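Step one of this worksheet: look at the structure below.
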Amino acid sequence: MESFDCVVVGGGMVGAASALALAHLGLQVAVVEKYVAEPFSSTQSHDLRVSAISLASQHLLTQLECWPQISQWRSCPYKRLGVWESENSYVEFDATEINTENLGHIIENRVIQLSLWQQMINHKSITLYCPDTLQSIEQFEEHSEVHLSKTTLLAKLIVGADGANSIVRSQAGIGITGWDYQQSAMLINVETVLLQQDITWQQFLPSGPVAFLPLSGQSEQGGYASLVWYDSKEKIKQLSSMSNKQLQQAVFEHFPKRLGAINVIDKAAFPLTRRHANQYQKHRVLLLGDAAHTINPLAGQGVNLGFKDVKALQTVIANAIANSENWYEPAILSRYEKARRADNLLMMTTMDALYASFSHPSSLVKVARNGAFMALNKLPFLNTTVKSKALAYACGL
Ligand SMILES: Cc1cc2nc3c(=O)[nH]c(=O)nc-3n(C[C@H](O)[C@H](O)[C@H](O)COP(=O)(O)OP(=O)(O)OC[C@H]3O[C@@H](n4cnc5c(N)ncnc54)[C@H](O)[C@@H]3O)c2cc1C
């Protein structure tokens, strides 16, 4: 049986980032991942799964030496963020309000994952088990055994980054609280007549929000974008059954006119769920990313929270090593949970409050919502304090 300091289960964006962050501290790390990712090619069409990567996440990806590769492949910076319900309550946030060059980047999940994998393949302290699948774990006093389909590994610490339906979490006996939201989301990749834009926007409609995320590159028509359509499960099911031509017409009728003409390239529907692990750490098992928390994607914060988990874990373990402590002891690992739980909960609750507020049918609530948006635009004091604070929080600063 091969022995490691850490076995990371799940080589998605968060698992791969945590493996690199721990290997940078000098630990021997194994990564177990079910699927081999297809290599990047600039002629591939855009991945449907894209993320709005915050400035804090960009700092982590820079520290992990992935950012140059991501920039060379495909990423789309945005400087402005527009939010509104009715046209007269339009609020625009700008990077100049927090003295940064941009507010973030829209990047395909695959591009982020592949850039991390490129670094992992070249790292002498990382061993990859891919394709292989976690079957079960056994915890003993001094070590744990990680049973895969093809082999068994020994570990001082098991990191569960195996996503929303984490097997590490259930094998460790960690429960969850959560629910399914009433709405689903449809992701639609489109060609736009408008060229690549520096704005991402979201309009709150009575049936759910619609969002525009610019993608990089120039198409025959103009540019590319990822659209998100939140609606009832029944409506999303109906949209899923449409041809691209029919969906194009539906988008034209439902989205605001500022989108301009589009061609649908690809589409997929996703259920919206909230899950929060009751503990992030139990004995020598630790959860990160969606394995620990799945959040409503309304403000595109899911993977950004996962990257904050990675940064916190790296800091906790680096400090323990510097103080000659046993970095894998539960007492040390609980510092990670202390650093992350309240922050994740705050973001999850903020998203739920936003979701509940905009799902509320009452016209009184609607007036209050639009009043709040208009106040942000019209009152100079609110403008400089509330707006820039909200913006810095959303950017992970
Ligand atoms: C519609 C939608 C839009 C979103 N938009 C955004 C956004 O704009 N910004 C943002 O920050 N977030 C967004 N998110 C959330 C974001 O996609 C997730 O938070 C993120 O993908 C979680 O990453 P992860 O690495 O923790 O988990 P995952 O991406 O789920 O990765 C888990 C990995 O573990 C592997 N695995 C699972 N089980 C096993 C096993 N038994 N053995 C071996 N390997 C295993 C899987 O193959 C996978 O590679 C969105 C989510 C949705 C649904």
**OP:** Give me the angle, in degrees from 0 to 90, between the Cα long axis of helix 330-359 and the longest principal axis of the Cα atoms of the chain, rounded to the nearest 10.
**Re:** 20 degrees
**OP:** Report the one residue of Ala261, Gln183, Pro214 whose Cα lies farthest in the direction of the positive end of the charge dipole of segment 182-271 (charges on C-beta: Lys and Arg +1, Asp and Glu -1; origin at the Cα centre).
**Re:** Gln183
**OP:** Could you list which residues have their amide H under 5 Å from that of Asp266, counting only those 5 or more apart in sequence or on another chain, with H placed in the peptide plane?
**Re:** Asn189
Subject >> Under 23 Å from Lys338, Cα to Cα: lysines that are on another chain or at least 8 residues apart >> reply: Lys156, Lys282, Lys308, Lys311
Original post:
Magnitude of the Cβ-charge dipole of segment 146-228, K/R +1 and D/E -1, about the Cα centre, nearest 20 debye?
Top reply: 520 debye
Original post:
Mind ordering 214-224, 56-66 by average Cβ neighbours within 10 Å, highest first?
Top reply: 56-66, 214-224
**OP:** Order the peptides 131-137, 38-44 from the highest to the lowest mean number of other Cβ atoms within 10 Å of their residues.
**Re:** 131-137, 38-44
**OP:** List every residue whose amide H lies under 5 Å from the amide H of Val50, counting only residues 5 or more places away in sequence or on a different chain, with H placed 1.01 Å from N in the peptide plane.
**Re:** Asn109
Original post:
Relative to the longest principal axis of the chain, what angle (0 to 90°, nearest 10) does the C-alpha long axis of helix 244-254 take?
Top reply: 60 degrees
Original post:
Expressed as a rounded percentage, what relative contact order does segment 182-271 have, with Cα pairs under 8 Å and six or more residues apart?
Top reply: 42 percent
Original post:
Which of the peptides 280-286, 303-309, 11-17 is most tightly packed, and how do the rest follow, judged by the mean count of other Cβ atoms within 10 Å per residue?
Top reply: 11-17, 303-309, 280-286
**OP:** For segment 177-185, take each phi angle, set θ = phi - 60°, evaluate the Karplus expression 6.51 cos²θ - 1.76 cosθ + 1.60, and give the result in whole Hz per residue in order, putting x for glycine and proline.
**Re:** 10, x, 7, 9, 6, 5, 9, 10, 10
**OP:** Would you work out the charge dipole size for segment 27-115 about its Cα centre, treating the Cβ of every Lys and Arg as +1 and the Cβ of every Asp and Glu as -1, and quote it to the nearest 20 debye?
**Re:** 320 debye
Subject >> Over the chain: helical MRE at 222 nm, DSSP H runs n ≥ 4 each giving -39500 (n - 2.57), nearest 500 >> reply: -11000 deg cm²/dmol
Original post:
Under the definition of Cα pairs under 8 Å and six or more residues apart, what whole-number percent is the relative contact order of the chain?
Top reply: 20 percent
**OP:** Using only Cα atoms, find the angle between the long axis of helix 363-378 and the longest principal axis of the chain, and express it within 0 to 90 degrees, rounded to the nearest 10.
**Re:** 90 degrees
Original post:
Using θ = phi - 60° and the Karplus curve 6.51 cos²θ - 1.76 cosθ + 1.60, what whole-Hz ³J(HN,Hα) does each residue of segment 156-161 get, with Gly and Pro shown as x?
Top reply: 7, 9, 9, 9, x, 10
Original post:
Which is farthest toward the positive dipole end of the chain among Gln281, Ile295, Ser388, measuring Cα position about the Cα centre, with Cβ charges +1 (Lys, Arg) and -1 (Asp, Glu)?
Top reply: Ser388
Subject >> Unit charges at the beta carbon, dipole of segment 23-121: most positive-side option, Gly26, Tyr90, Ser51 >> reply: Gly26
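Every number in this text was worked out from the coordinates using simple rules, so none of it is lab data. Please read all numbers here as calculations on a predicted model, not as lab measurements. Ideal geometry is used to build each Cβ from the backbone, glycine not excepted, and the neighbour counts take in all protein chains shown.
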